[in-house]
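The block underneath contains the structure these notes are about, expressed in structure tokens.
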Amino acid sequence: GAVVSQHPSWVICKSGTSVKIECRSLDFQATTMFWYRQFPKQSLMLMATSNEGSKATYEQGVEKDKFLINHASLTLSTLTVTSAHPEDSSFYICSARDLGRTNTGELFFGEGSRLTVL
Amino acid sequence: DAKTTQPPSMDCAEGRAANLPCNHSTISGNEYVYWYRQIHSQGPQYIIHGLKNNETNEMASLIITEDRKSSTLILPHATLRDTAVYYCIVRGNQAGTALIFGKGTTLSVSS
């Protein structure tokens with residue numbers, strides 16, 4: 001199946017620093033990617049929709065200046081958590097759809113990136 | 001997108017079939033039923049999806065009722081590695097539409 005890769009898989013940072021997470025579609029092009037976060041024992045929450053060549057669309061309650069999304073190419077979207085604080089510690093997951101392979105909407109997900117802010 | 005209702009947890013013995021139900025009584029005509037699962041600390045994994053007809057692939061079977069208001073995911077021979085949270089999601093197939101996750105069903109497979 002289509003492969004979506006995230007990097008890093010885990011990261012620990014100090015409070016106040018910024019962290020960048022990359023999401024790549026390895027064998028297909030993705031004009032749209034989605035970013036989710038997941039807190040322990042909870043379900044995935046959609047944060048934003050990343051659109052290649054244009055601004056991301058953020059869900060209600062997600063600060064766009066806090067979570068910077070850049071989708072500069074058809075295979076790469078990045079999420080930067082700026083001035084991270086302990087409450088930003090979470091599991092961040094991206095997903096994308098391979099439009100060239102299917103027209104029935106299934107999304108493929110990355111392995112996730114676990115952020116711990118000390 | 002239509003909401004779905006799933007039992008919070010289910011148990012299954014290894015080697016037996018696991019039947020996971022999902023209610024989606026407000027599904028509309030152009031919405032598909034998708035099933036994903038998430039093994040602990042991993043990203044969700046696509047399992048199967050369908051519109052009207054029953055579907056089968058190498059991982060599972062999907063049975064959709066004739067009125068499309070409910071469906072059942074069947075894992076024919078559950079293994080310990082099938083222990084995961086299973087999500088039933090209903091949505092259209094528009095290109096820019098994300099999947100919205102509910103709480104899912106935690107399936108525990110034991111030996």
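Restricting attention to the stretch A:63-82, which residues are among the small types (Gly, Ala, Ser) and within 19 Å of residue A:114 (Cβ to Cβ)?
A:77
Run down A:24, A:37 and say which single residue is open to solvent by 70 Å² or more (accessible area, probe 1.4 Å), assigned to a strand (DSSP E or B) and either closer than 14 Å to residue B:43 by Cα or more than 8 Å from every other protein chain (Cβ to nearest Cβ) (or both).
A:24
Which of the residues that make up the stretch A:93-118 are in a loop (DSSP other than H, G, I, E, B), more than 7 Å from chain B (Cβ to nearest Cβ) and at pLDDT 95 or above?
Listed by number, the list holds a single entry, A:118.
Please enumerate the residues belonging to the stretch B:77-107 that are over 17 Å from residue B:45 (Cβ atoms) and more than 10 Å from chain A (Cβ to nearest Cβ).
B:77, B:90
Tell me yes or no: at least one residue of the stretch A:83-91 is more than 25 Å from residue B:41 (Cβ to Cβ) and modelled with pLDDT of 95 or more.
yes
Residue B:70 is checked against (1) of a type in the set (Ser, Thr, Tyr); (2) buried (at least 16 other Cβ atoms within 10 Å of the Cβ); (3) touching a Phe, Trp or Tyr at 6+ places or on another chain (Cβ under 9 Å) and fails just one. What number does that condition carry?
Failing condition for residue B:70: (3).
Tell me which of these residue A:46 doesn't satisfy, since it passes every other one: (1) open to solvent by less than 60 Å² (accessible area, probe 1.4 Å); (2) touching a residue at least 40 places away in the same chain (Cβ under 8 Å); (3) of a type in the set (A, V, I, L, M); (4) out of contact with any Lys or Arg (no Cβ under 6 Å at 6 or more places or on another chain).
(2)
Quick one: which residue in A:17, A:78 is on the phi < 0 side of the Ramachandran plot, away from chain B (no Cβ under 13 Å), modelled with pLDDT of 95 or more and in a strand (DSSP E or B)?
None of the other options fit; the residue is A:78.
The values are calculated or read from the model by the stated rules, or taken from the named source; none is laboratory data. Keep in mind the model is a prediction, meaning the values are calculated, not measured. So basically every Cβ, Gly included, is an ideal-geometry build from the backbone, and we count neighbours across all protein chains shown. Accessible surface areas use protein heavy atoms only, side chains included; no ligands, DNA or RNA. Shrake-Rupley method; radii C 1.70, N 1.55, O 1.52, S 1.80 Å.
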